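Enquirer: Sharing a structure, written as C-alpha cells. Questions coming.
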Amino acid sequence: MSIAYDHAAGTLRGDARAIEDLRSRLQGLRDPSQLAAAMQEVGVTPPVTEDDQFLDAVRVALGTPIFTVELTVSGPGGEHRHVIDAGINAAAVRWSIARPDLAELSASPFPLLPGGMARLVRFRPGDFPLHPDASVAVPRDAVVALAAETKDERIAAWETVRDLLEGHIDVEQADASWQLVRSYCRWVAVDGEAAEDMSVHLRAGDHYFVLVEAEDSLSLVPVPSVTAFETMVRVLPGSDEVKDPRN
C-alpha cells in the first residue's frame, strides 16, 4: 500500500504497518542522499526529491532523539496512541496510530509540543471541582481496564469508576465523553542513566481528575483543567536534564 505525502501539511499517511516501516527507514538513514531512494522503496507518493528539507528534518530528529513521549488516549469509542520524538534539531516527530488501516507520521517545531499534545488528546477547559479537597480511592485493575483493547472491558471498568465518582461528576454527561490520558516520557539523563516520568488524568464530562499513587493505593484527585494539562506536559524533561544524543 502506498503512503500519501501531504507536503503542505507536513504529514505522511498510510496503514499502520506501512507507516511503521517508513519511520524505521527514516530512523536508520544516516546519509540524506539516500532519502529519495528509501522513500521510493516504501511507496511514498508523490515521489520525494533529494533535497526534501521536511523529510530530512524528520530523519535527523528520529536518528538523534533527546526524549520520546508517548500519549495514549482511551475512551468509550476506542484508544489512540501517539509517539513523539523530540530531536536534537528542534523538530518533534509524531507517529500516530488511529487504527490498523490509518496511521500518520508528522512533524512540527519543538516549541509547539505542549500545545500539540493538548490537540492530540482534544484537551478542553473544564469546570472547577465540586469537591476540590476530596480524593477518591479507585481499584488498580479498574484503572488499567479503562484502557483495555475491548470496548466491553472499558465500559465495565468505567461503570466501576463512575459509581465511585458519584457526587463529583454529572453522570449522564460523563458517560458520553469520559477520557483517560496517559502521558509517558523517557530519556537519557546527563549522567548517562535512563530516566522516565509518567502522569495519568481522567476527564469525566467537564470534570478532571489526576491519578495519584501512594504506597499500594490509587486515588483520583479532582483538579481544575489547567492542573490536568500541567500534569500531562510536566513529564517533558528540561534542557538541563537530558544528555546530548550525539555524545
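The values are calculated or read from the model by the stated rules, or taken from the named source; none is laboratory data. Note that the coordinates shown come from a computational prediction; the quantities given were computed from them, not determined experimentally. Cβ coordinates were reconstructed from backbone atoms using ideal geometry, including for glycine residues, and neighbour counts include every protein chain displayed. Please note that ligands, DNA and RNA were not included when accessible areas were found on the heavy atoms of the full protein model with its side chains. Shrake-Rupley method; radii C 1.70, N 1.55, O 1.52, S 1.80 Å.
Enquirer: Can you confirm whether Gly78 is within 30 Å of Ala204 (Cα to Cα), without any contact (Cβ under 8 Å) to a residue 12 or more places away in the chain, open to solvent by 10 Å² or more (accessible area, probe 1.4 Å) and under 17 Å from the mean Cα position of the chain (by Cα)?
Expert: Details: within 30 Å of Ala204 (Cα to Cα): yes; without any contact (Cβ under 8 Å) to a residue 12 or more places away in the chain: no; open to solvent by 10 Å² or more (accessible area, probe 1.4 Å): yes; under 17 Å from the mean Cα position of the chain (by Cα): yes.
Criteria not met by Gly78.
Enquirer: For segment 30-46, how many residues meet the condition of being small (Gly, Ala, Ser) and exposed (fewer than 11 other Cβ atoms within 10 Å of the Cβ)?
Expert: First, pick out the residues of segment 30-46 that are small (Gly, Ala, Ser): 33, 36-38, 43.
Still in the running and exposed (fewer than 11 other Cβ atoms within 10 Å of the Cβ): 33.
Residues that pass the stated criteria total 1.
Enquirer: For Val200, are the conditions met, namely being β-branched (Val, Ile, Thr), surrounded by 16 or more Cβ atoms within 10 Å (Cβ to Cβ), at pLDDT 95 or above and more than 18 Å from the chain's Cα centre (by Cα)? If you could, list the steps in order and put the result at the bottom.
Expert: Numbers: β-branched (Val, Ile, Thr): yes; surrounded by 16 or more Cβ atoms within 10 Å (Cβ to Cβ): yes; at pLDDT 95 or above: yes; more than 18 Å from the chain's Cα centre (by Cα): no.
In short, no.
Enquirer: How many residues are of a type outside the set (A, V, I, L, M, F, W, C), surrounded by fewer than 16 Cβ atoms within 10 Å (Cβ to Cβ) and more than 17 Å from Glu196 (Cβ to Cβ) if we restrict to segment 220-239? It would help to see each step written out before you state the result.
Expert: Of the residues in segment 220-239, the ones of a type outside the set (A, V, I, L, M, F, W, C) are 222, 224-225, 227, 230-231, 234, 237-239.
Right, trim to surrounded by fewer than 16 Cβ atoms within 10 Å (Cβ to Cβ) and you get 230, 234, 238-239.
Still in the running and more than 17 Å from Glu196 (Cβ to Cβ): 230, 239.
Selection size over segment 220-239: 2.
Enquirer: I'd like to check which strands (runs of 3 or more DSSP E) are fully inside segment 1-87 and have at least 1 residues that are among the basic types (Lys, Arg) and under 30 Å from Ser199 (Cβ atoms).
Expert: Working: elements: 3-6, 11-14, 65-75, 78-87.
So the answer is 11-14, 78-87.
Enquirer: Looking only at segment 95-119, count how many residues are part of a strand (DSSP E or B) and within 17 Å of Asp56 (Cβ to Cβ).
Expert: 5
Enquirer: Still on this model: Among Thr49, Thr64, Thr72, which is the only one that is farther than 30 Å from Leu180 by Cα, open to solvent by less than 50 Å² (accessible area, probe 1.4 Å) and hydroxyl-bearing (Ser, Thr, Tyr)? Let's see the steps before the verdict.
Expert: Numbers: Thr49 fails: open to solvent by less than 50 Å² (accessible area, probe 1.4 Å); Thr72 fails: farther than 30 Å from Leu180 by Cα.
Only one candidate passes the filter, namely Thr64.
Enquirer: Among the residues of segment 117-136, are any over 25 Å from Val233 (Cα atoms) and not charged (D, E, K, R)?
Expert: So in segment 117-136, the residues over 25 Å from Val233 (Cα atoms) come out as none.
No, segment 117-136 has no match at all.
Enquirer: So if I check each of Leu211, Leu180, Leu218, Leu202, which one is in contact with a helix residue (DSSP H, G or I) (Cβ under 6 Å, 6 or more places away or on another chain) and either part of a helix (DSSP H, G or I) or under 22 Å from Glu153 (Cα atoms) (or both)? Walk me through it before giving the result.
Expert: Values: Leu211 fails: in contact with a helix residue (DSSP H, G or I) (Cβ under 6 Å, 6 or more places away or on another chain); Leu180 fails: in contact with a helix residue (DSSP H, G or I) (Cβ under 6 Å, 6 or more places away or on another chain); Leu202 fails: in contact with a helix residue (DSSP H, G or I) (Cβ under 6 Å, 6 or more places away or on another chain).
Sole residue among the options that is in contact with a helix residue (DSSP H, G or I) (Cβ under 6 Å, 6 or more places away or on another chain) and either part of a helix (DSSP H, G or I) or under 22 Å from Glu153 (Cα atoms) (or both): Leu218.
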